Amino acid sequence: MTNRLFNRFLGLLALAFFLAAGAMAQTGAIAGKVKGPDGQPLKEGLVKIERLDIKGSYKVKTNKKGEFFHAGLPLGTYNVTLEVGGKDVDSMKGVRTRLGDPIEVNFDLAAMAAKQAAMQKAAESGTLTQDQARDMTPEQKAALEKQIKERSQAMAKNKALNDSFNTGMTALATKQYDAAVEAFVKGSEMDPKQHVIWANLAESYMGQAGAKTGADADAITAKGLEAYAKALELKADDPAYHNNYALALAKAKKFTEAEDELTKAAALDPTKAGTYFYNLGAVLTNIGQLEPAGMAFKRAVEADPSHADAQYQYGTYLISKATTTGDGKVIPPAGTKEAFQKYLELKPTGPFAEGAKGMLAAIDVTLDTKYDNPDAKKKAAKKK
């Protein structure tokens, strides 16, 4: 090789080296430390480095000291995100790499949690410190101010709702039904999703209807039934609502619907099925519907044979159907004696004990059906 060619080769080699060195020099690095929620170094945290100006994605995991380092990153702008347990937990946006020393990006999950708690407290109290405001972007500040406003409005609404509910409950407890209806209607308008308000509004309407007659009572009863239906629409699994709705339906003489509701209540809470049907029987008895009442008491003892009062009332219903033979013997329907005997077995000194004993005695006595005319003269005895 001639000197001229050799010198040219050396020049090209130097140029290639210079260009390679220049290309290598146009990269930077990102390094940092990660602390977990407990304040200790976080091992195996995944740091994702996403380039913004040109598509590029890089990943690196933290070591046992919670440290990470990624070199060879082209100069540019990046979002750096920390992933833990498959979820992004913190990030730093707009990180610009540079020549020379690495850009430091640290994550402190304990400090972040404390900061979030402070922000939540600020949202609850409606106050924001100067330091908090200074650390926030305009977007974050606007979002927090919106949250503070919404929370303040919600708190005011909740206070008004609670006040209305408490007023209604006090009025209902003292049977001031007009005031109770007014308070619960107000509460239902503030928050129509509160089933307990609808249930108590229904009870208030039924109490209000009890003081009315005719068409006025019917109109208010209809409102009560509508309110019960609304409560069950919101909470269909509440047996007490079905029970109370059934009693209201019975008062409205909708006996089939009432029985259906009680069947639902019994299915939801079998342990109280006897009580539910007994209550229906009591309501029906009070409004003079003796035949449906008897069937309700029958279902009560079938559901709960240990329900003493239901046994007595069922026995009373059966004795009303007793017949008398020509020689005066009382023939009660099957199960009558057993019902009264069961009551005495369960409540030997109960309030219906004497009544049950009297009924049992009457069943075992033959009535005297011979009629004597008190005005008839007695035949005189013959003289000897």
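The values are calculated or read from the model by the stated rules, or taken from the named source; none is laboratory data. Keep in mind the model is a prediction, meaning the values are calculated, not measured. Reconstructed Cβ throughout: ideal geometry from the backbone, glycine too, with neighbour counts over all protein chains shown.
Name the residues in segment 33-47 that are in contact (Cβ under 8 Å) with a residue 40 or more places away in the chain, within 13 Å of Val84 (Cα to Cα) and surrounded by fewer than 17 Cβ atoms within 10 Å (Cβ to Cβ), would you?
Once the filter is applied, which keeps residues that are in contact (Cβ under 8 Å) with a residue 40 or more places away in the chain, within 13 Å of Val84 (Cα to Cα) and surrounded by fewer than 17 Cβ atoms within 10 Å (Cβ to Cβ), segment 33-47 yields only Pro37.
With part of a helix (DSSP H, G or I) and in contact with a Phe, Trp or Tyr (Cβ under 8 Å, 6 or more places away or on another chain) as the only criterion, which of Ala250, Ala217, Ala293, Ala222 stands out? Steps first, answer last, please.
On the way: Ala250 fails: in contact with a Phe, Trp or Tyr (Cβ under 8 Å, 6 or more places away or on another chain); Ala217 fails: in contact with a Phe, Trp or Tyr (Cβ under 8 Å, 6 or more places away or on another chain); Ala222 fails: in contact with a Phe, Trp or Tyr (Cβ under 8 Å, 6 or more places away or on another chain).
Step by step, each of Ala250, Ala217, Ala293, Ala222 is checked, and only Ala293 is part of a helix (DSSP H, G or I) and in contact with a Phe, Trp or Tyr (Cβ under 8 Å, 6 or more places away or on another chain).
Tell me, yes or no, whether segment 156-167 has at least one residue that is in a helix (DSSP H, G or I), loosely packed, with under 12 Cβ neighbours inside 10 Å and at pLDDT below 80.
yes
For residues in segment 88-112 being among the charged types (D, E, K, R) and under 17 Å from Gly45 (Cα atoms), which is surrounded by the most Cβ atoms within 10 Å (Cβ to Cβ)?
Filtering segment 88-112 for residues among the charged types (D, E, K, R) gives 88, 90, 93, 96, 98, 101, 104, 108.
Then keep just the ones that are under 17 Å from Gly45 (Cα atoms); that gives 88, 90, 104, 108.
Working: Asp88: 11, Asp90: 16, Glu104: 11, Asp108: 18.
Among those residues, the one meeting the criterion is Asp108.
Could you tell me whether Lys93 is on the phi < 0 side of the Ramachandran plot and not in a strand (DSSP E or B)?
Values: on the phi < 0 side of the Ramachandran plot: yes; not in a strand (DSSP E or B): no.
So Lys93 fails the test.
For segment 77-87, name all the residues that are touching a residue at least 24 places away in the same chain (Cβ under 8 Å) and surrounded by fewer than 15 Cβ atoms within 10 Å (Cβ to Cβ). Explain how you work it out, then say what you get.
Filtering segment 77-87 down to residues touching a residue at least 24 places away in the same chain (Cβ under 8 Å) leaves 77-84.
Across segment 77-87, the qualifying residues are Thr77, Asn79.
Looking for something surrounded by 13 or more Cβ atoms within 10 Å (Cβ to Cβ) and touching an Asp or Glu at 6+ places or on another chain (Cβ under 7 Å) - is there at least one such residue anywhere in segment 280-290?
Among the residues of segment 280-290, not one is surrounded by 13 or more Cβ atoms within 10 Å (Cβ to Cβ) and touching an Asp or Glu at 6+ places or on another chain (Cβ under 7 Å), which makes the answer no.
Name the residues in segment 331-356 that are surrounded by 19 or more Cβ atoms within 10 Å (Cβ to Cβ) and at pLDDT below 90, would you?
Pro332, the sole residue that qualifies.
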